[in-house]
Amino acid sequence: HIREVEAIVHVVRCFEDENIVHVEGSIDPIRDIETIHLELIFSDLEIVERRIQKVSKMLKGDKAFQKEFDLLTLIRDTLEKGKSIRTLNLSEEEKELIKGFNLLSFKPVIYVANISEEDLLENGGTNAMVELVKKHAQNENAEVISICAKIEAEIAELPEAEKEAFLQEMGLEESGLEQLIRTCYDLLGLISFLTAGESEARAWTIKKGTKAPQAAGKIHSDIERGFIRAEVIHYDDLVKAGSITAAKEKGLVRLEGKDYTVHDGDVILFRFNV
């Protein structure tokens, strides 16, 4: 189901270790990136060519398909040159036309440079291979993060209570997984707001710029339809206050209406009536 994802996370090896043999026999992250890059392009090209054949037939009876035909032709020509679709400066209308095809080379990319434990402490800064990946990523507006898969495996096996102490001992502020999640959210323009009650606390993922009623609809369509107002406090303020009751006494809970834009980390109680 790779075509259902919103972004491509491409892990590339950026460290030497004679005990871990690379399938190609040598370490070359740019070569590995290009190999996957071409596979995605060939896959997209097959889909686009099939669609062009179909649209060209429909175009004979309905000129409304002309825009799609012209766009698909441009995309085919771009792919045949070995370039990804995301290098094209497409309009919002054009993006909507190809949205349903889930073309892989159109999706944003995050390159995860897998580095050694030694390089991890410097975030890959002294690693020449990581620098090559970063330079390559700049040419296609992709993101790059550096992690050490070996360390991540060790973190994953630790009890939750010990993970923070391990990270502090390594001199790290967050795990590679946390860094990857944050980068994915930023790349896709996503944020999270929270709801909290006696039974559970839960985070909800929405697009940046979402208004309060639409955020409420993420929970249930009835809440959006009957939206009255939102009681809002930021997570950090709630933690400092200790409870919603204490936060209200300090005047930290705000009443927001339909035009309120939800922010990352908002804790919200929606008032509604249906």
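The values are calculated or read from the model by the stated rules, or taken from the named source; none is laboratory data. No experiment lies behind these values; they were computed from the predicted model shown. Note that we place each Cβ from the backbone using ideal geometry, even for glycine, and neighbour counts take in every protein chain shown. When the accessible area is computed, the model is the full protein with side chains, heavy atoms only, and any ligands, DNA or RNA have been set aside. Shrake-Rupley method; radii C 1.70, N 1.55, O 1.52, S 1.80 Å.
Summary of computed values
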{"item": "Probe 1.4 Å, protein heavy atoms only - accessible area per residue of the chain in square angstrom", "result": "61"}
{"item": "GNM flexibility winner over the chain from Gly209, Gly242, Gly189 (Cα, springs under 10 Å)", "result": "Gly242"}
{"item": "Amide H within-cut-off set for Val11, under 5 Å, with H built and near neighbours excluded", "result": "Val112"}
{"item": "Amide H contacts under 5 Å for Gly226, placed H, 5+ residues apart", "result": "Asn273"}
{"item": "Antiparallel DSSP beta bridges within the chain, as percent of all bridges there, nearest 5", "result": "60"}
{"item": "Net length gained if the chain between Gln214 and Val274 were fully extended (0.36 nm per residue, minus Cα distance)", "result": "20.0 nm"}
{"item": "Restraint check, Lys67/Lys208; Lys60/Lys95; Lys54/Lys81, Cα-Cα greater than 26 Å", "result": "Lys67/Lys208"}
{"item": "Exceeding the 27 Å Cα-Cα cut-off - candidates Lys99/Lys150; Lys63/Lys107; Lys135/Lys218; Lys107/Lys134", "result": "Lys99/Lys150; Lys63/Lys107; Lys135/Lys218"}
{"item": "Karplus-derived 3J(HN,Hα), 6.51/-1.76/1.60, for each residue of the range 105-112, Hz, glycine and proline x", "result": "7, 9, 6, x, 10, 10, 8, 9"}
{"item": "Residues Asn141 and Ser56, FRET efficiency given R0 of 22 Å [Cβ-Cβ distance, rounded to 0.05]", "result": "0.10"}
{"item": "Förster radius 30 Å - calculated FRET efficiency between Thr205 and Glu118 (Cβ-Cβ, nearest 0.05)", "result": "0.25"}
{"item": "For Phe166, solvent-accessible area (1.4 Å; no DNA, RNA or ligand), Å²", "result": "40"}
{"item": "Gaussian network model of the chain, Cα within-10 Å springs - most flexible of Glu96, Glu198, Glu160", "result": "Glu198"}
{"item": "Heavy-atom accessible surface of the chain: percent carbon and sulfur, 1.4 Å", "result": "51"}
{"item": "Karplus-derived HN-Hα couplings along the range 6-12 (A = 6.51, B = -1.76, C = 1.60, θ = phi - 60°), whole Hz, x at Gly and Pro", "result": "8, 8, 9, 9, 10, 8, 10"}
{"item": "Table column - 3J(HN,Hα) (Hz), the range 182-189, Karplus curve with 6.51, -1.76, 1.60, x for Gly and Pro", "result": "4, 5, 4, 4, 5, 5, 8, x"}
{"item": "Per-pair calculated FRET efficiency, R0 = 41 Å: Ala64 and Glu231 via Cβ, rounded to 0.05", "result": "0.30"}
{"item": "Assigned charges on the beta-carbon of Lys, Arg, Asp, Glu; the range 61-211 dipole about Cα centre (debye)", "result": "1060"}
{"item": "Listed values [x] 18.0, 57; [y] 23.7, 69; [z] 18.1, 54, entry calculated as Rg and Dmax of the Cα atoms in Å", "result": "[y]"}
